[in-house]
Amino acid sequence: MDKIIQKIVYLVLALQEKFIRKKHEKAIASFTNSTSKTVMTNGCSLNLTVKTEENKAKLENNVAAILKKFENMPEKMLLYIERNGTPVIRHAHASKILDIIREEQGYIRELKGIKAFLLNLLLFKKIGFKTTPIFLLDEGQLDQYAMIHQFYKWYAMKIDMPGFDPTAQENFRKFVDEKSYLNLNNLSVEDIMALKEAIARDVDAIDFVQKIAKQNEGSQKAMKKLTDGGASV
């Protein structure tokens, strides 16, 4: 999803949150995740997200350092992912299988229910209603920036950044998928706050990829300048 559209979606969720808060304006509610807390009372809210921002900065620095070491090479990222406990599966029909269960290529969190049943049946040829986390991709050449995007999100999930709990991710997938439908009116305040975190994490990943792309473009221009200048001497 385009970054601008995602930010519009974020605004829509904020408006929906206000609507729900009005319905419960005499109630006191608290939403907490691993690194932030939102307290709402009488229609007012206080967001305590300093730790989340600190972890986000560490996340970007760590991933940037890893990518620099790997020279942004997708195959090296996959080896790192496997070495850190997430099985990597390359499958000729990965994208088709993932379309069926409404997921995207990359990190597939633990699934339960019908999605897990379909993934087990189509990918592993077995019956089961639960899966363990995997990294699933099509065979063939990998797009560098798509891989960086997924690597960033995988790393964020591994360090338990907010927005990656199963319910938030499932709601996020439904919300951005044109073929799915998510009725915001049926979501609790907690679900909406968690969904906002999930969208924020995806925007973070897109922003990070854009930074890397600009750095690469700058490096390529600088190298071209050097080679062109050297040729003219």
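The values are calculated or read from the model by the stated rules, or taken from the named source; none is laboratory data. Just so it is clear, the model here is predicted, and its values are computed rather than measured. Note that we place each Cβ from the backbone using ideal geometry, even for glycine, and neighbour counts take in every protein chain shown. Side chains are part of the model used for accessible areas, which takes the heavy atoms of the whole protein and leaves out ligands, DNA and RNA. Shrake-Rupley method; radii C 1.70, N 1.55, O 1.52, S 1.80 Å.
Numbers at a glance
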| item | result |
| --- | --- |
| Conditions (1) open to solvent by 60 Å² or more (accessible area, probe 1.4 Å); (2) farther than 30 Å from Lys51 by Cβ; (3) out of contact with any strand residue (DSSP E or B) (no Cβ under 6 Å at 6 or more places or on another chain): number failed by Leu119 | (1) |
| Out of Ile114, Ile159, sole residue that is more than 12 Å from the chain's Cα centre (by Cα), closer than 18 Å to Leu67 by Cβ, open to solvent by 60 Å² or more (accessible area, probe 1.4 Å) and not polar (S, T, N, Q) | Ile159 |
| Residues of region 162-180 satisfying the condition of being touching a helix residue (DSSP H, G or I) at 6+ places or on another chain (Cβ under 7 Å) and surrounded by fewer than 16 Cβ atoms within 10 Å (Cβ to Cβ) | Thr167, Ser180 |
| Some residue of region 46-54 being modelled with pLDDT under 95 and in contact with a Lys or Arg (Cβ under 6 Å, 6 or more places away or on another chain) | yes |
| Enumeration of residues in region 133-177 that are at pLDDT 95 or above and among the hydroxyl-bearing types (Ser, Thr, Tyr) | Tyr152, Tyr155 |
| Strands (runs of 3 or more DSSP E) completely within region 62-167 that count 3 or more residues being farther than 30 Å from Ile192 by Cβ and of a type in the set (Val, Ile, Thr) | none |
| Residue, farthest from Glu103 (Cα to Cα), within region 128-148, restricted to residues that are open to solvent by less than 30 Å² (accessible area, probe 1.4 Å) and in contact (Cβ under 8 Å) with a residue 24 or more places away in the chain | Ile148 |
